[in-house]
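The values are calculated or read from the model by the stated rules, or taken from the named source; none is laboratory data. None of these values were measured; they are calculated from a predicted model. Here Cβ is always computed from backbone atoms with ideal geometry, including for glycine, and neighbour counts include all displayed protein chains. What goes into the accessible areas is simple: the full protein's heavy atoms, side chains included, and nothing from ligands, DNA or RNA. Shrake-Rupley method; radii C 1.70, N 1.55, O 1.52, S 1.80 Å.
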Amino acid sequence: NMIIHQIRNATIIVTYNGKKILIDPWLMPKNHMKGFEVGVNSHIRQPRVELPISIEEIVNVDAVILTHFHPDHFDEFAVNALDKNIPFFVQSEYDLAIIKNFGFNNVQVLTGLTEFFGIILHKTDCQHGKRELIEPLCKKMNIPYEAMGVIFQAANEKTLYISGDTIWCNEVIHTLETYQPEVIVVNACGATVLPHEKIIMDVEDIKTISKYANKAVIIASHMDTVSHLTVTRQDIINLRLENVIIPKDNEQIQL
């Protein structure tokens, strides 16, 4: 049975084909870091909320996937809590070097197709904000622009698409067309950098993907936690989209 356990922000635990996979562990306490200077609401500290369960429970998993090395997706609390021998999947050689540097011994770059205990993982492409605008901004800040999504497939499971930090774009359409996922997790708080460029999905994007993938169950994640959000859970609830689920922190969606 597939379970999507919403922890906080983009941190989720996916139970798939009998394995528990932790995605994007950002485990610091509430208000631990400043808001992002390039983002809206930079005066608000983040995370805005505490973790809903203990770090020990969160890291009791079979593997970790880091969609990209940004400070609201991975932190020193995750480094300290995770077993250094846990299977750990990343998007690039760049991220691999960083994670190995933190002392992890079992790190692998996700390719087009990677197998893990009967689960086939496919790396998918993202636009973490409009490429032509946000990529130069990331270069200026000396952080990589690229992020990935991941497709999960297994013989006895529905196809799952973790879309990652992306706006609605051709890369997402290509993934939906290629894999026809039945369950889709989207990062949906409309995080926005100045002056007003969204770098993940917002209300309009959620409406679009809900309509485009109308046979899929869509789960809205990455909500109500970062300083630079512009969309709340309530905003998505208000859309009344039949195929969109908005889990609270610590809620488990059984599929």
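Of note:
- Within segment 61-89, the residues that satisfy the criterion of being more than 22 Å from Thr225 (Cβ to Cβ) and surrounded by 22 or more Cβ atoms within 10 Å (Cβ to Cβ) are Phe88, Phe89.
- Qualifying residue in segment 19-26 (condition: over 19 Å from Ile246 (Cα atoms), in contact with a strand residue (DSSP E or B) (Cβ under 8 Å, 6 or more places away or on another chain) and among the β-branched types (Val, Ile, Thr)): yes
- For segment 27-43, the criterion of being touching a helix residue (DSSP H, G or I) at 6+ places or on another chain (Cβ under 7 Å), among the hydrophobic types (A, V, I, L, M, F, W, C), open to solvent by less than 50 Å² (accessible area, probe 1.4 Å) and under 23 Å from Ile86 (Cα atoms) is met by at least one residue.
- Residue among Thr166, Thr208, Thr124, Thr159 that is in contact with a Phe, Trp or Tyr (Cβ under 6 Å, 6 or more places away or on another chain), in contact (Cβ under 8 Å) with a residue 40 or more places away in the chain and of a type in the set (Ser, Thr, Tyr): Thr208
- Filter result for Gly112 (closer than 21 Å to Val183 by Cβ, within 19 Å of the chain's Cα centre (by Cα) and without any contact (Cβ under 8 Å) to a residue 12 or more places away in the chain): yes
- Only one of Ile65, Ile13 that is modelled with pLDDT of 95 or more, touching a His at 6+ places or on another chain (Cβ under 6 Å) and among the β-branched types (Val, Ile, Thr): Ile13
- In this entry, Pro136 is excluded by the filter for residues that are surrounded by fewer than 17 Cβ atoms within 10 Å (Cβ to Cβ), in contact (Cβ under 8 Å) with a residue 40 or more places away in the chain and not polar (S, T, N, Q).
- Residues (surrounded by fewer than 23 Cβ atoms within 10 Å (Cβ to Cβ) and of a type in the set (A, V, I, L, M, F, W, C)) located in segment 184-212: Val193, Leu194, Val203
- Matching strands (runs of 3 or more DSSP E) fully within segment 1-108 where at least 2 residues are touching a Lys or Arg at 6+ places or on another chain (Cβ under 6 Å), over 20 Å from Asp165 (Cβ atoms) and touching a residue at least 60 places away in the same chain (Cβ under 8 Å): none
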